[in-house]
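Bear in mind that the values in this text are calculations on the coordinates, not laboratory data. Since the structure is predicted, the reported quantities are computational estimates derived from the model, not experimental observations. Glycine gets a Cβ as well: all are built from the backbone with ideal geometry, and neighbour counts include every protein chain shown.
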Amino acid sequence: LAAASRAEGRSSYVDAARFLSWELEALGRLPRTRPNLERMVDAHIAMRVARTGAGIRMGSVLGELAQAELLATEIDDLDRMTQVALHRSYVASTIGDHHVALDAALRAQALASRLEAPQWRAEAILAEAQARVVSGRPGGVAELLLPELDFFRTEMRRQHGMVGMRATWALMHLAEAHTLTGRPGDADRFSREALALAREHDRPFDLAYACWVRGSAWLLVEQIDDAVGVFAQGLEVGRVHELRWASAWLGAFLGFACTLQGDLERAAIVLDAALGETAGMEAPGIEARVLAHQARLAADAGHRETAADLADRAIAYAVPAEDATLEIDARRCAAAASDDPEAAAEHLRRAVQVARREGLIPFLSFSLLELAGVLGARSEEGRDAVDEANGLRMRMGLRRVRPSRGR
């Protein structure tokens, strides 16, 4: 366990996972005494950190954490039960199992309320915030995190047994929430602070994700070149430090930004590499995101049949998973790929419905403009869509635009 901890401290997550496998194998042969069971729980928790960092068989970690929960319950260890619930929430949100992520976060809050441990109370709030923003449901996230922000900034400037520094992740999730709800000023402020903190502490895991958060804030204000630059920085961090999840996730968004930029050749190369990184990762949410962005690329390249197939595959994951932003993006791609105006309009109406329900203002404005592009500005529904979309854009400090299909 000590060797694994040292490896994780160097961000050598593959080595850490190997050491922990040996540890768990050895512990399985020992008597079921309380000290041995405590070490088994700790090893399972540490394995979550290692596998998430490396992007190795992350889905299997949920099963291992279920075993850890049984062991912690057997020895009636409330502190370890809380930690297991937190780690279950984090790994579930990472791989795209949003129902498990939120349920585990709420369980962690209930358990933490029985402990005199402020860090676990704050951590459980952060877990809920992550579950909500990652699934595209940012409502209430700012209200969750803002009252705790001073505590995170002063008392949570370490990892506390998690993968990244907690203050950085609180700032990143605040930035995400404001990006998703169309508040560019706050998104800019929190994403800049998070990226600066990640660079100051030089944690590759944090730095890669902070680059994604910062790039997303640039996309919000349609600064595509800036987004491409910071996404590329994050992708390079992932590659250098063998963070496969980062290579896949940052690759998905760099490819998307390159598509918006019109650099379809680079987008294709980046997205193909990102999809390759998802092999063996056991993270269907990340894979589906890559597929959705490949669908956008195919639609823009004029390969409608391919785009429709990729979009359908992303939708098939997003709907039962209740991944709001992914469903919206995939339906927009499906509409762009469709030769049938009514079928395209139905996809976009559904995208509008989801975006409106979850308060996803940027997604709502894009979907409305594309709906108007399909219907035509002469129809009453089309005119209303254009007016609403431009009203939302002006609230976000963006200029008015004419409707277009598939952008």
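Numbers for the structure displayed
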| read-out | value |
| --- | --- |
| Reduced Cα scattering model of the chain, Debye log10 I(q)/I(0), q = 0.09, 0.10 Å⁻¹ | -0.53, -0.65 |
| Karplus (6.51, -1.76, 1.60) ³J(HN,Hα), θ = phi - 60°, over the range 321-334, in Hz, Gly and Pro reported as x | 6, 6, 9, 5, 5, 5, 4, 4, 4, 5, 5, 4, 5, 4 |
| Backbone HN-Hα couplings from phi across the range 215-220 [Karplus 6.51/-1.76/1.60, Hz, Gly and Pro as x] | x, 5, 5, 5, 4, 4 |
| Relative contact order [Cα under 8 Å, 6+ residues apart], the range 46-128, whole percent | 25 |
| Relative contact order, percent, the range 305-396 [alpha-carbon distance under 8 Å, six or more residues apart] | 21 |
| Normalised contact order of the chain, rounded percent, pairs of Cα under 8 Å and 6 or more residues apart | 11 |
| Between the range 17-90 and the range 347-377, the Cα center-to-center distance that results, in Å | 43 |
| Per-residue [θ]222 nm for the chain (sum of -39500 (n - 2.57) over DSSP H runs n ≥ 4, rounded to 500) | -26000 deg cm²/dmol |
| Where only C-alpha atoms are counted, convex hull volume of the range 271-407 per residue in Å³ | 109 |
| The range 36-50 - phi-based ³J(HN,Hα) in whole Hz, Karplus 6.51/-1.76/1.60, Gly and Pro as x | 5, 5, 4, 5, 5, 4, 4, 5, 4, 5, 5, 5, 4, 4, 5 |
| Selected from I224, I361, I269 as most flexible by GNM, with the chain as the system and alpha-carbon contacts under 10 Å | I269 |
| Centroid-to-centroid separation of the range 192-242 and the range 306-339 [C-alpha atoms, Å] | 26 |
| Descending principal axes extents, the range 28-152, alpha-carbon based, whole Å | 47, 34, 21 |
| Highest-fluctuation residue, E38, E23, E143 considered, GNM on the chain with Cα pairs under 10 Å | E143 |
| Cα centroid of the range 263-299 to Cα centroid of the range 96-153, whole Å | 29 |
| Around N390: net Lys/Arg minus Asp/Glu count, Cβ-Cβ under 13 Å | +3 |
| Environment charge of P35, counting only residues whose C-beta is closer than 13 Å and scoring Lys/Arg +1, Asp/Glu -1 | +1 |
